[in-house]
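Read the structure below first, then the notes.
The values are calculated or read from the model by the stated rules, or taken from the named source; none is laboratory data. Note that the coordinates shown come from a computational prediction; the quantities given were computed from them, not determined experimentally. Using ideal geometry, Cβ is built from the backbone for each residue, glycine included, and neighbour counts are taken over all protein chains shown. Ligands, DNA and RNA are stripped out before the accessible areas are found, and what is left, the full protein with its side chains, is counted by its heavy atoms. Shrake-Rupley method; radii C 1.70, N 1.55, O 1.52, S 1.80 Å.
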Amino acid sequence: MRAVIQRVSQARVTVDGEVVGELDIRDGGKGIVALVGVTHDDTSEHAAKLADKIWRLRIFDGDGGPERAASDIDAPILVISQFTLYANTAKGRRPSWNAAAPGPVAEPLVAAVVDSLRASGATVATGRFGAHMHVELVNDGPVTLILDV
């Protein structure tokens, strides 16, 4: 599994003009947007490991102390499925999506990431799997990281 995570000060995702997921961030707080991609050999163990990494990665300022994780500050997380993270652009000008898992494989694993985050205590919003989504966010820092498990 692969994720691109961004530290944000606001974020939401809409489908057909309807807000389907939004982070509730107040008073200068922060959150995370996690774009999650699945490949063919990913498992529920990979999903749990990715969720733990997202939840515990120390990417937030520590107010003069050590850096803190989303788990330390209860930062909300917006998880959005994104098969394009497994694009192969090595040849030509047209990406190949062969490395991305098909929907019936990917959807339950993206849901497993969400479930694992919630089981850890995270407040999680989501996009809509397979839909054409519009994602709005304000990247804070900017901080953008690629995670592979």
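Overview of values
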| item | result |
| --- | --- |
| Residue with peak Gaussian network fluctuation, the chain [Cα springs, cutoff 10 Å], from 110, 20, 36 | 20 |
| Distance cut-off 18 Å, percentage of C-alpha pairs in segment 4-86 lying past it | 48 |
| Accessible surface of the chain [probe 1.4 Å, protein heavy atoms]: carbon and sulfur percent | 47 |
| Where 84, 123 fall by accessible area, highest first, once all protein chains stay in place (1.4 Å) | 123, 84 |
| Within a Gaussian network of the chain (alpha carbon springs, distance under 10 Å), most fluctuating of 66, 102, 76 | 66 |
| Local electrostatic count, residue 61, Cβ distance below 14 Å [Lys/Arg +1, Asp/Glu -1] | 0 |
| 29 Å Cα-Cα reach of residue 30 towards lysines, excluding residues that sit fewer than 8 places from it in its own chain | 49, 53 |
| GNM top mover of 12, 26, 68 - the chain, alpha-carbon springs below 10 Å | 26 |
| Length-normalised contact order of segment 55-149 in % [C-alpha pairs under 8 Å, at least 6 apart] | 27 |
| Contour excess over end-to-end distance, with Cα ends at residue 119 and residue 41 and 0.36 nm allotted per residue | 25.7 nm |
| Cut-off 20 Å (backbone N to label point 7 Å along Cα→Cβ of residue 56), residues of segment 124-149 | 124, 145-149 |
| Residues residue 90 and residue 27, FRET efficiency given R0 of 41 Å [Cβ-Cβ distance, rounded to 0.05] | 0.35 |
| Computed label-point distance, nm, for sites residue 18 and residue 73 using a 7 Å Cα→Cβ extension | 3.3 |
| Radius ratio Rg over Rh of the chain, counting only Cα atoms, Kirkwood formula for Rh | 0.97 |
| Cα→Cβ-extended label distance, 7 Å offset, between residue 135 and residue 147, nm | 1.4 |
| Computed over segment 1-96: relative contact order in percent, which uses C-alpha pairs under 8 Å that are six or more apart | 31 |
| Student exercise, segment 67-115 dipole from Lys, Arg, Asp, Glu Cβ charges, in Debye to nearest 20 | 560 |
| Cα-centre dipole for the chain with unit charges at Cβ (Lys and Arg positive, Asp and Glu negative), debye to 20 | 520 |
| Which of 103, 90, 66, positive extreme of dipole for the chain (C-beta unit charges) | 90 |
